[in-house]
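Report on the following structure.
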Amino acid sequence: MAALRFSANLSWLFPELLGLPARLRAAGSSGFEAVEVAWPYAEPPEVLARAAREAGLRLVLINTPPGDQEKGEMGLGAVPGRQAAFRQGLEQAVRYAKALGCPRIHLMAGRVPQGADRRAVKAEMEMVFLENLRHAAGVLAQEDLVGLLEPINTRITDPQYFLDTPQQAAAILQKVGRPNLQLQMDIFHWQIMDGNLTGNIREFLPIVGHVQVAQVPGRGEPSSPGELNFPYLFQLLEDEGYKGFVGCEYQPQGDTVEGLSWLRSYWDRRGHPEVASEGLHTTHMPLDSE
Ligand SMILES: *[C@@H]1O[C@H](CO)[C@@H](O)[C@H](O)[C@H]1NC(C)=O
């Protein structure tokens, strides 16, 4: 089984460093081969592309812009009345993805509007989401990009978020039926909403294009105290043949670099990507082409 490949989420890791270029340098010197950033939009894409190149990193995931955060928006994909803003945000994300050589964009679903009842607006929001996703799939296909749907837990993290279970996301993906739209599996959110991780990982992995990890309930390092057994989960992902990236989207409990000891011991055990990279060129891995 191939070893897993990890990506540093720069919206979460290295919080002590200000600005993405500094965080890119820190990720590169910590041994990462890849990074992801929720919203890279404060800096010009050329600046980020150069910093990533200099740090020997590739960018593997960005998100569509959140919309108006002061008004409580957290993505626009399923939000009625915001279709034009969703499309504009998508265009901006595609521009960044192209300039950065980033193959995946998380298409954020967004929140149930304030004051609205989830059950009352569910059908309308799903209709808006389906329409936006069909549009996005076409735009992304022209650039050879993949769009991702990520369920976010509504029990702790974001009670208003529209898309909150893998089952809901999988049903929507099936209705849209486009191969360049896939599922983003954040194990932290999945554990909180449904548990049953062995069953759900096996069931949904065939449509998963990206994985993210954090311990539950503290959202710290995989090695921090909590209810998830990451050695087991990493082994499961390897055994199921997962070939994409595992994003480290957690809140470092102390110094980020010291907190990466779990990853250094994974690399010691399973091989570091740079050391193993000779094999990468000879092995066919469909999701490795970025
Ligand atoms: C666990 O997940 C699998 C796959 O999604 C499902 O078939 C099974 O019914 C679930 N088990 C429980 C106890 O929820």
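Quick rundown of the values:
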read-out: Residue among Glu126, Glu227 that alone is open to solvent by 10 Å² or more (accessible area, probe 1.4 Å), in a loop (DSSP other than H, G, I, E, B) and not polar (S, T, N, Q); value: Glu227
read-out: Among the residues listed as Ala52, Ala22, the single one being free of Cβ contacts under 8 Å to residues at least 12 places away in the same chain and part of a helix (DSSP H, G or I); value: Ala22
read-out: Hits in the range 200-255 (condition: within 24 Å of Leu59 (Cα to Cα) and among the β-branched types (Val, Ile, Thr)); value: Ile207, Val208, Val211, Val213, Val246
read-out: Residue match in the range 174-194 (condition: part of a helix (DSSP H, G or I) and among the small types (Gly, Ala, Ser)); value: no
read-out: Pairs where the first residue, in the range 141-165, is farther than 15 Å from Met74 by Cα and the second is among the basic types (Lys, Arg) and surrounded by fewer than 15 Cβ atoms within 10 Å (Cβ to Cβ), C-beta under 7 Å, 6+ apart; value: Glu143/Lys98
read-out: Only one of Leu17, Leu13 that is among the aliphatic types (A, V, I, L, M), in a loop (DSSP other than H, G, I, E, B) and open to solvent by 20 Å² or more (accessible area, probe 1.4 Å); value: Leu17
read-out: When residues of the range 147-157 are limited to those that are more than 16 Å from the ligand (Cβ to nearest atom) and crowded, with 16+ Cβ neighbours inside 10 Å, the one farthest from Phe188 (Cα to Cα); value: Gly147
read-out: Residue selected from the range 68-91 under the condition touching a strand residue (DSSP E or B) at 6+ places or on another chain (Cβ under 7 Å) and under 21 Å from Leu20 (Cβ atoms), by the criterion surrounded by the most Cβ atoms within 10 Å (Cβ to Cβ); value: Gly75
read-out: Residues within the range 163-190 that are touching a helix residue (DSSP H, G or I) at 6+ places or on another chain (Cβ under 8 Å), open to solvent by less than 40 Å² (accessible area, probe 1.4 Å) and either more than 10 Å from the ligand (Cβ to nearest atom) or farther than 24 Å from Arg119 by Cα (or both), tallied; value: 13
read-out: Set Glu73, Glu43, Glu91: member being of a type in the set (Asp, Glu), part of a helix (DSSP H, G or I) and over 23 Å from Leu263 (Cβ atoms); value: Glu91
read-out: Residues located in the range 97-123, provided they are loosely packed, with under 13 Cβ neighbours inside 10 Å and without any contact (Cβ under 8 Å) to a residue 12 or more places away in the chain; value: Gly115, Asp117, Arg119, Ala120, Ala123
read-out: Residue check, Ala55 surrounded by 21 or more Cβ atoms within 10 Å (Cβ to Cβ) and over 25 Å from Leu149 (Cα atoms); value: no
read-out: Check on Pro217, away from the ligand (no atom under 13 Å from the Cβ), over 17 Å from Leu4 (Cα atoms) and modelled with pLDDT of 95 or more; value: yes
read-out: Condition met for Gly241 (in contact (Cβ under 8 Å) with a residue 60 or more places away in the chain, open to solvent by 10 Å² or more (accessible area, probe 1.4 Å) and not aromatic (Phe, Trp, Tyr)); value: yes
read-out: Where a residue in the range 175-192 is over 14 Å from Ala109 (Cα atoms) and its partner, wherever it lies, is basic (Lys, Arg) and part of a helix (DSSP H, G or I), with Cβ under 7 Å and at least six apart; value: Val176/Arg134
read-out: Extreme residue, nearest to the ligand (Cβ to nearest atom), among residues of the range 195-207 that are aliphatic (A, V, I, L, M) and open to solvent by 10 Å² or more (accessible area, probe 1.4 Å); value: Leu197
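Results for (1) more than 17 Å from the chain's Cα centre (by Cα); (2) more than 16 Å from the ligand (Cβ to nearest atom); (3) open to solvent by 40 Å² or more (accessible area, probe 1.4 Å), shown as yes or no for each residue.
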{"residue": "Met193", "(1), (2), (3)": "yes, no, no"}
{"residue": "Gln212", "(1), (2), (3)": "no, yes, no"}
{"residue": "Pro231", "(1), (2), (3)": "yes, yes, yes"}
{"residue": "Leu237", "(1), (2), (3)": "no, no, no"}
{"residue": "Gly247", "(1), (2), (3)": "no, yes, no"}
{"residue": "Gly254", "(1), (2), (3)": "yes, yes, yes"}
{"residue": "Trp262", "(1), (2), (3)": "yes, yes, no"}
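The values are calculated or read from the model by the stated rules, or taken from the named source; none is laboratory data. Here the structure is a predicted model, which means the values were calculated and not measured. Backbone-built Cβ (ideal geometry, glycine too); neighbour counts: all protein chains shown. The protein model used for the area step is the full one, side chains on, heavy atoms only, and it has no ligands, DNA or RNA in it. Shrake-Rupley method; radii C 1.70, N 1.55, O 1.52, S 1.80 Å.
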